[in-house]
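The values are calculated or read from the model by the stated rules, or taken from the named source; none is laboratory data. Just so you know, these numbers come straight off a predicted model, no measurement behind them. Positions of Cβ are generated from backbone atoms using ideal geometry, with glycine treated the same way; all protein chains shown enter the neighbour counts. For accessibility, only protein heavy atoms count, side chains too; no ligands or nucleic acids. Shrake-Rupley method; radii C 1.70, N 1.55, O 1.52, S 1.80 Å.
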Amino acid sequence: MSEKYYLTTPIYYPSGKYHIGTAYTEILADSIKKYKQLRGYDTFLLTGSDEHGQKIETKAKENGKNPQEYVDEMAKMAKELWDKMEIDYDDFIRTTEPRHERIVQKIFDKLMEQGDIYKGEYEGWYCIPCESYFTKTQLVDGKCPDCGREVKLMREESYFFNMKKYAPRLLEYYETHPDFIKPDYRKTEMINNFLKPGLEDLCVTRTSFDWGIKVLKDPKHVIYVWLDALTNYITALGYMETNDELFKKYWPADLHIVGKDIARFHLIYWPIFLMALDLTLPKQIFVHNWIMMKDGKMSKSVGNVIYPETLINRYGLDAVKYILLRDMPSSTDEVFSPEGFVERFNTDLCNDLGNLLNRTIAMCNKYFEGKVPEYNGTPNNVDIEIEEFAKDVTDKFANEFENFEIANSLAEIWSLVSRTNKYIDETSPWVLSKEEKKEELESSIYHLIENLRRIAILISPFMKNTSENIFRQLGITNNNLKTWESLNKYDQIKETKVIQKGEPLFMRLDAEEEISYIKNEMGK
Ligand code: MSP
């Protein structure tokens with residue numbers, strides 16, 4: 001039986017159309033899922049929407065809708081986008097669904113009964129858009145440290161979760177589980193910024209608005225959004241339900257993927273809630289950085305927002321996925337620029353990958369009438385070297401990918417693309433043909449096709465359509481030649497015929513035209 005791999009994205013606020021930043025989390029998660037599938041795991045990807053809270057209540061009103069109508073529409077829109085992006089999620093949980101609400105109430109009661117939640121009064125600086133209270137010292141220039149907007153001093157009767165009690169246990173957990181948080185520096189941030197200065201108890205209810213899950217025993221309180229939101233990762237699996245088969249099978253999560261802005265909630269509060277519920281902690285939490293624009297955060301008011309649909313409709317899904325993943329460093333934010341996008345498209349996709357396929361197919365047709373020569377040993381050093389290079393790339397790719405160094409892992413694949421392009425010049429099949437060096441010519445074409453097959457496998461988690469297109473053009477139909485395991489061996493392609501005339505994978509873009517196209521679309 002295959003090993004399970006349960007991964008989650010955050011559940012998204014239904015706050016409008018999603019831009020490429022929000023879409024990034026989903027692209028990343030879907031690519032990791034598809035990679036794990038390729039490695040033989042039984043995967044389960046959860047996503048959804050986070051539909052309660054004051055902000056949503058206000059937003060619905062602004063749109064002349066009641067909150068339920070509003071979130072219904074938004075959830076539909078989200079699903080349409082994920083479908084367009086071919087995101088293969090297994091469940092989409094909405095926090096307004098009964099299956100979620102009733103369990104959150106049960107969880108709240110349980111935590112109260114065992115004394116982890118108590119009643120008190122809260123006063124603090126509250127940021128409405130972020131739905132977060134801050135202490136005075138946390139404010140930056142008197143404004144919200146997360147979004148920079150105005151905060152309001154507010155006071156209300158509230159229930160609190162006793163975070164302090166669990167802080168030492170969490171610290172110890174961090175120390176004894178070095179792979180729990182990726183990348184490492186996020187752990188250091190949590191320790192230095194929150195755990196060392198001393199964790200405050202967390203306010204988990206509100207009386208100031210209605211749009212939330214009511215506390216059963218004190219219904220003027222609604223459960224504050226983070227206790228509600230975070231538990232989606234277990235309610236979706238049927239935790240505390242009579243039918244909890246999925247929960248038994250998939251919990252603990254193997255991976256939570258979150259953006260840096262919500263690191264604190266996932267790296268501190270969520271593990272503590274789980275400890276209080278006496279549940280196993282997720283195996284890993286990966287915090288990714290943000291996609292920024294040259295002039296800072298994407299924002300409608302600045303007019304620098306770019307939507308995934310805009311790019312996908314014009315450049316295709318695979319190009320968008322590749323470029324966004326390829327340009328996200330693990331140590332800093334990614335700065336999206338139309339210039340950078342077009343350059344990557346033309347260089348990596350058209351010139352490097354596209355031409356490699358085209359030249360290979362043309363030569364296979366020219367010298368062998370399209371019939372792929374079979375592996376005939378390793379007649380010369382260049383072949384031995386390219387075989388080793390390709391095998392090495394597989395290992396390096398896997399290593400980087402599993403360490404969530406996604407940009408590096410993609411760079412590894414492209415190093416194979418470049419190396420293989422160079423191999424064409426090194427072996428010069430046109431010279432071999434002229435000199436009638438049949439065996440060497442066969443070997444050269446064989447290695448080109450073989451490396452393209454490898455490339456098609458390696459890119460499949462994030463460029464599924466291109467991968468299938470390459471297999472089709474190479475004439476590879478046998479599914480055994482598309483597996484991860486098939487990367488171990490070199491002499492497998494047999495009785496294969498490439499298509500008669502290669503089709504370009506990507507059409508070269510007119511840089512000037514496309515840069516101004518993207519710029520024009522920004523903020524629309
Ligand atoms: N509802 C909360 C999450 C609750 S999880 C229990 C939330 N939602 S969100 O819609 O605001 O954000 C969803 C995801 O999108 C987050 O991971 C966030 O970091 C990510 N991004 C939002 N803007 C982004 C960029 N500009 N770049 C990359 N990711 C970004 O937070």
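Per-structure values
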{"item": "Only listed residue being of a type in the set (Val, Ile, Thr), over 21 Å from residue 57 (Cβ atoms), touching a Leu at 6+ places or on another chain (Cβ under 8 Å) and open to solvent by less than 20 Å² (accessible area, probe 1.4 Å), chosen from 181, 191", "result": "181"}
{"item": "Tabulated pairs, segment 502-513, first under 23 Å from residue 449 (Cβ atoms), second assigned to a loop (DSSP other than H, G, I, E, B), C-beta under 9 angstrom, 6+ apart or interchain", "result": "506/316"}
{"item": "Neighbours by Cβ (under 6 Å, 6+ apart or cross-chain): first from segment 255-268, under 21 Å from residue 43 (Cα atoms) and more than 7 Å from the ligand (Cβ to nearest atom); second open to solvent by 10 Å² or more (accessible area, probe 1.4 Å) and at pLDDT 95 or above", "result": "255/284; 257/286"}
{"item": "Conditions (1) open to solvent by 40 Å² or more (accessible area, probe 1.4 Å); (2) within 16 Å of the ligand (Cβ to nearest atom): number failed by residue 102", "result": "(2)"}
{"item": "Sole exception among (1) crowded, with 19+ Cβ neighbours inside 10 Å; (2) within 16 Å of the ligand (Cβ to nearest atom); (3) of a type in the set (Val, Ile, Thr) for residue 58, by number", "result": "(1)"}
{"item": "Any hit, segment 337-357, residues being farther than 21 Å from residue 506 by Cβ and either within 16 Å of the ligand (Cβ to nearest atom) or aromatic (Phe, Trp, Tyr) (or both)", "result": "no"}
{"item": "The lone exception for residue 121 - which of (1) open to solvent by less than 80 Å² (accessible area, probe 1.4 Å); (2) more than 30 Å from residue 66 (Cβ to Cβ) it fails", "result": "(1)"}
{"item": "Subset of segment 1-26 that is more than 10 Å from the ligand (Cβ to nearest atom) and crowded, with 24+ Cβ neighbours inside 10 Å - its residue that is nearest to residue 86 (Cα to Cα)", "result": "7"}
{"item": "Residue that is nearest to residue 367 (Cα to Cα), among those in segment 476-524 that are among the hydroxyl-bearing types (Ser, Thr, Tyr) and assigned to a loop (DSSP other than H, G, I, E, B)", "result": "496"}
{"item": "Complete set of residues in segment 219-246 that are more than 18 Å from residue 202 (Cα to Cα) and open to solvent by less than 30 Å² (accessible area, probe 1.4 Å)", "result": "232, 233, 234, 235, 236, 237, 238, 239"}
{"item": "Enumerated helices (runs of 4 or more DSSP H) restricted to segment 309-372, each holding at least 2 residues that are surrounded by fewer than 19 Cβ atoms within 10 Å (Cβ to Cβ)", "result": "338-344, 355-368"}
{"item": "Residue match in segment 1-16 (condition: in contact with an Asp or Glu (Cβ under 7 Å, 6 or more places away or on another chain) and of a type in the set (Lys, Arg))", "result": "yes"}
